[in-house]
Each structure stands twice: as C-alpha cells, then as structure tokens.
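Undergrad: Below you will find the structure I want to go over with you.
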Amino acid sequence: MEERRVRQILSSPAITEVTFQGTKVWIDAVSEDGIMATVHLRGPGEERTEVAVADLEEVE
C-alpha cells in the first residue's frame with residue numbers, strides 16, 4: 001500500500017478493511033517518513049506492532 005492511502009484511511013471516518021500477511025488489522029498510526037505503520041489485529045487483543053507500509057493491503 002502507498003503512504004498516501006494509509007494517511008487517507010487514518011483520516012477517514014469510514015471503516016476500511018486492511019490486511020497484513022493475510023490477517024485483518026487496524027492501522028493506528030504511520031511514521032513521519034511514511035515507511036512504517038503501527039497496527040493491531042482486528043478483534044480481541046491490543047498488541048500493537050510496527051510493519052512496513054508496503055506490506056499492507058487494502059481489501060476491496
């Protein structure tokens with residue numbers, strides 16, 4: 001995914017499905033340089049992790 005799209009998703013009130021390695025995630029934040037994003041799994045659990053923005057995929 002491109003940084004621009006990640007920022008659009010973060011600023012939108014709509015729910016957008018995003019996956020990381022086939023697992024649905026919520027995007028919590030994106031780094032200032034736009035290379036990394038902080039995400040957590042959708043559903044129970046609050047564990048957050050940093051992943052490469054390029055590894056995120058929007059479900060259409």
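Undergrad: Just how much of Met36 is accessible, in Å², when a 1.4 Å probe is used and the result is rounded to the nearest 10?
TA: Here the accessible area works out near 60 Å².
Undergrad: Now a separate question. How much length would be gained if the chain were fully extended between Glu17 and Ala52, taking 0.36 nm per residue of separation minus their Cα-Cα distance, in nm to one decimal?
TA: Numbers: separation 35, 0.36 × 35 = 12.60 nm, distance 1.68 nm.
Fully extending the segment from Glu17 to Ala52 adds 10.9 nm.
Undergrad: For the chain, what is the calculated [θ] at 222 nm in deg cm²/dmol (nearest 500), taking -39500 (n - 2.57) for each run of four or more DSSP H residues and dividing by its residue count?
TA: Working: 1 runs with 9 residues, N = 60.
That comes out to -4000 deg cm²/dmol.
Undergrad: For the chain, give the magnitude of the charge dipole about the Cα centre (Cβ charges: +1 Lys/Arg, -1 Asp/Glu; no others), in debye to the nearest 20.
TA: On the way: 6 positive and 13 negative charges, 36 e Å.
Magnitude of the dipole: close to 180 debye.
The values are calculated or read from the model by the stated rules, or taken from the named source; none is laboratory data. Note that this is a predicted model, so its numbers are computed, not measured. With ideal geometry, Cβ positions are generated from the backbone for all residues, glycine too; neighbour counts draw on all protein chains shown. Only protein heavy atoms, including side chains, enter the accessible area calculation; ligands, DNA and RNA are left aside. Shrake-Rupley method; radii C 1.70, N 1.55, O 1.52, S 1.80 Å.
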